[in-house]
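First up is the structure itself, then whatever we jot down about it.
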Amino acid sequence: MHPTKPSPVYTHCCYCLSLCGIEITLDESRERIESIKPDRANPYSWADFCRKGLTAAEARDHPNRLTAPMRRVGDRYEPTTYADALEDISRRLNEIIDEHGPDAVGSYHGNPMGFAFHNTIFFTGLLDAIGTRNRFWVGSVDQNAAHVVQKNMYGSDLLGLSGDVDECDYFLLLGMDPSVSKFGWIESVPNGWNRVLQRRDGGATLVLVDPRRSDSAARADLHVPIEPGTDWAFLLAIVKVILDESLDVTPVAVAMTGMDTLRGLVADANLNELAERCGVPLETITYIARDFATARTAMCVTHTGVAHNEGGTVGEWLGHVVNLITNRIDTPGGKRFERGIVDLAKAFEMMAPPSKHRTRLRGLPTIAGFHALAELADEIRVPGQGQIRAMVIASGNPVVSGPDSAALDAALGQLDLLVAVDIVQRDSHRHADWLIPGTHWLERGELNPGFSGIANSPFVQMSRQVLPKPDSVWEEWEFFLELALHLKRPLFGRHGVNTVAKLSRLVAQRTGRPQLGLNGEWITRGMVAAGRRVRYRDIAGSPHGLQFGKKRYGDLAQALMTPDGKVQAAPKELVDECRRMLSDAAHSNPTYPFTLINRRIRESMNSWLNDVPGVHVNERRNYAEIDRADAEALGLTDGEVVRLVSDSGTVDIPVRITTGGRRGMIAVAHGWGSRAFDPLGDAPTTHGTNRNLLVSSTSLDRLSQTPTFNTTHVRIERIAHSEPAPPESSIGTAR
Ligand code: SF4
């Protein structure tokens, strides 16, 4: 009898918030993928489908994939068992905790954990068991500004808004390249860029504010090539014009407070000075403000390009203010609140009360529950009470994702214990004492309740397990749970949970029903039941996803978590920071005359996928993009390798000459230059250059603690051909 061909599996891609519905065909063995294509029956998302989703099987079958726990022995690794790993790691962690306290164990998790809810739950459970407050995450390199603003204005760092693009007549977009990002960041707007372009073709106005002349900028009605790092000044000028000319409108969907403070702030700002700071003519600012305020519907959207600067949080806040004072919050065509399947902000506040911990050295608070990656190297490196001596890195590559890569690499090398849990050993794991294998999302199935709270419409979809994981590999959550049990410390910091875990596992073994053992589904089922908006079995029974109602407006008012139940238009710390920025004169830097800015590449997913062979069809590296006039002034030719030098480091990188952006800046895509190691031998492969070697870990946006990836000052040096290039790796050359 011939094996039957399995039916296609319908799930969603778990690389980015486009969350494309996909259809996967397996061969008869059910262990090999024949094709991955967009699931056109998915009512929410499939149109952004890209090469990352197409090549997901290649990432899963990475040639350097870890398939067993690896113990470091001298300068090499040897495969061993989970039992060995758990025994050794728990013993060493307990010794460190007993001698130095729980904060001596630090943690970091990266972007893939955001798409692995069960792993996230049990990683939290493990960290709560340890009791450490030194928790760091990748969100601190780009999304912190949004969380600070959400907390200040709406009362919770998890109350996000999503662009209601199909009703919008006027798009004011800042710091984004939606033809690449597809409008996704901490909001999910499937097919967002095409929907915006459709609106524009139907008569809507599209204004894109960005220093680069990106493909998106070229499609806009108006591209405003702003001076890098000055979005806050541009937006403050917009707010001032709106208020000075009485174009403001009281919001109808939410109550608000703080208008007097806001008026006081703009009264002290000078429009000519703001225009000069941001390099945008005052006439342009004025007519954008008037058109925006008087459009039938409109939205101002700020993404990572705004966040990656010293005034990032102020810029993010003023973007919300522009929407708020023109009645664009939770109204048609504006920034809408989607309540999702569960009251996310309230649920998480109940499960994980906000941490009051401050870092040992800089005394900075957590944001959204985590400390900033920019502080990690010093917290490991500098001796003293509370110094981090052990780290658990889960699905993350902080050396490449964060600033000052060389310093963090060196710091990780001096830890007493480094445990890396990931599918492949990358640069951040090169000093690891233990490599614990991870899983790919094709091997997991789960419901992530968080996605429905940032969705563009009432929609929920469960991801499905498509392929079996290797027999020798555990899901990460199982390892985290077991490690807490081996530590003999209470999971989630709650006594009794370990007993439940052990007993339920016993029942699961005796009955042959693994789902009876404590697992993440217990939590997600509970959350769905508490939300009372949709039944778990209806979600599970909807392979293409479930639309659970019509798009609504006005739910934000009930979700607000501010003390007075009103949106705070002018939170004190934001107003104070804005005043400080106003009083801080802009200055040039003759030693480093160029400004390094960031950009994205469609096929890249931060430092995650650049080494997957099929992802990049043409070029497998990043470039230093420079305006033609600047290149000619320096005598540079296209493709020439130059040296970029900053206060923090040096990299060698080929030039690409561009046109249409601002002069005096260099755009280099992030996430490149990470090595993928073979722990059993071969030399690692590298693609591209890690531009974050140039970025300081002390030049930060004060409120969000986000590094100034978009305003790093550099100089360009020509390289004599006889001069050897620094190694092409994420570590490069530190200064
Ligand atoms: S990585 Fe590509 S296929 Fe996957 S969700 Fe994002 S846009 Fe869609």
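Given Cα pairs under 8 Å that are at least 6 residues apart, what percent is the relative contact order of region 143-292?
18
In Å and whole numbers, how far do the C-alpha atoms of region 556-708 stretch along each principal axis, longest first?
In descending order, the Cα extents are 59, 44, 28 Å.
How big is the charge dipole of region 130-265 about its Cα centre, in debye rounded to the nearest 20, if each Lys and Arg gets +1 on its Cβ and each Asp and Glu gets -1 on its Cβ?
Its charge dipole is roughly 480 debye.
What is the magnitude of the charge dipole of region 1-61 about its Cα centre, with +1 placed on the Cβ of each Lys and Arg, -1 on the Cβ of each Asp and Glu, and no other charges, expressed in debye to the nearest 20?
It works out to roughly 100 debye.
Tell me, which longest segment in the chain has none of the GluC sites (Glu not before Pro) that fall in DSSP loops with at most 14 further Cβ atoms within 10 Å?
In short, 246-618.
Classify region 565-649 as rounded, prolate or oblate from the Cα gyration tensor: take a ≥ b ≥ c as the square roots of its eigenvalues, call it rounded if a/c is under 1.5, otherwise prolate when a/b beats b/c and oblate if not.
Oblate, because a/c is 1.5 or more while a/b does not exceed b/c.
Of all the accessible heavy-atom surface of region 106-200, with the other protein chains kept in place and a 1.4 Å probe, what percent is carbon and sulfur?
Roughly 45 percent, rounded to a whole number.
Tell me, what is the per residue accessible area of region 248-389 in Å², probe radius 1.4 Å?
Value for region 248-389: 37 Å² per residue.
Compute, for the chain, the length of the dipole vector about the Cα centre, with Cβ point charges of +1 (Lys, Arg) and -1 (Asp, Glu) only. Units Debye, rounded to 20.
Dipole size: approximately 1700 debye.
Restricting everything to alpha-carbon atoms, can you work out Rg to Rh for region 205-285 with a Kirkwood hydrodynamic radius?
Here Rg/Rh amounts to 1.03.
Output ³J(HN,Hα) for region 117-123: one whole-Hz value per residue in order, computed from phi by the Karplus curve 6.51 cos²θ - 1.76 cosθ + 1.60 with θ = phi - 60°, and x for Gly and Pro.
Per-residue couplings from phi come out as 5, 5, 4, 5, 4, 7, 5 Hz.
Based on the Cβ-Cβ distance from residue 30 to residue 508, what FRET efficiency comes out when R0 is 35 Å, to the nearest 0.05?
Using R0 = 35 Å, I get an efficiency of 0.90.
Return one whole number: the accessible area per residue of region 160-239 in Å², for a 1.4 Å probe.
Using a 1.4 Å probe on heavy atoms only, each residue of region 160-239 averages 25 Å².
Relative to the compact globular guide of 2.2 N^0.38 Å, what is the alpha carbon radius of gyration of the chain, as a ratio?
0.93
List, in order, the whole-Hz ³J(HN,Hα) value for each residue of region 454-471 obtained from phi through the Karplus relation with A = 6.51, B = -1.76, C = 1.60 and θ = phi - 60°; use x for Gly and Pro.
3J(HN,Hα) across region 454-471, in whole Hz: 10, 6, 8, 7, x, 8, 8, 9, 8, 7, 10, 6, 9, 10, x, 7, x, 4.
Taking all protein chains as present, what is the carbon and sulfur share of the accessible area of region 203-297, in % to the nearest whole number, probe 1.4 Å?
That share works out to 43 percent.
Which one of 699, 465, 635 has its Cα pushed farthest toward the positive end of the charge dipole of the chain, where Lys and Arg give +1 and Asp and Glu give -1 at the Cβ?
465
Normalised by the residues of the chain, what does the relative contact order come to in percent, with Cα pairs under 8 Å and at least six apart?
Result for the chain is 20 percent.
Taking all protein chains in place and a 1.4 Å probe, what share, in percent, of the accessible surface of region 374-523 do carbon and sulfur account for?
The value for region 374-523 is 51 percent carbon and sulfur by accessible area.
The values are calculated or read from the model by the stated rules, or taken from the named source; none is laboratory data. What you see is a predicted model, and the numbers here were worked out from it, not measured in a lab. Here the Cβ is made from the backbone with ideal geometry for all residues, glycine too, and neighbour counts use every protein chain on show. Remember, those area values only see protein heavy atoms, side chains included, never the ligands or the DNA or RNA. Shrake-Rupley method; radii C 1.70, N 1.55, O 1.52, S 1.80 Å.
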